[in-house]
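Data first, discussion second: the structure below is written as structure tokens.
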Amino acid sequence: MGGTTHVIFFVVKIGKIILTGKRLFPTYSEGANSGAMEIAMKNGSNRHVVDQLAIVRAEIKELKAREDGLKDAVSLEMGSADSLGGDDFIARQTLSERKGGIDEKAAKAAGVNLDDYRKAASVVMTLRVEPRVHEAAQ
């Protein structure tokens, strides 16, 4: 099974959480979907891949909430120190500043066409999963 590997950029929205990234996605010569199905089924689950995706997203949401709580607890325990050591890991806390966004309306009013300065567009895949509406038992 030889094939090529494609890089897919993705955006996953779970409630108010938006995850972005990129994933290597192999395409095998037997068909474009065979590699995806092989990857999705490696965990041994007999659930449909859409159901697996919804379950994983729910788990990510729970883990994100747990991560946020742990980060708050670490920061609180750290206080004004710049690091805090556990048994196996050390947490370091730093402050940084990001530049603000560009006011596109003000730039347009000043006669500046921001499109002249934009980087090349990239393709983004968005995949939303929602619960099925089951028909009432008759």
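In segment 87-98, the residues that are in a strand (DSSP E or B) form Cβ pairs under 7 Å with partners that are of a type in the set (S, T, Y), at six or more places apart or across chains, as follows: I90/S83; A91/S83; R92/S83. Scanning segment 104-124 for residues that are surrounded by 10 or more Cβ atoms within 10 Å (Cβ to Cβ) and not in a helix (DSSP H, G or I) yields V112, V124.
Since every read-out is calculated from the coordinates, none of them should be taken as a lab result. Treat the numbers as computed from the prediction; the structure is a model and nothing was measured. Reconstructed Cβ throughout: ideal geometry from the backbone, glycine too, with neighbour counts over all protein chains shown.
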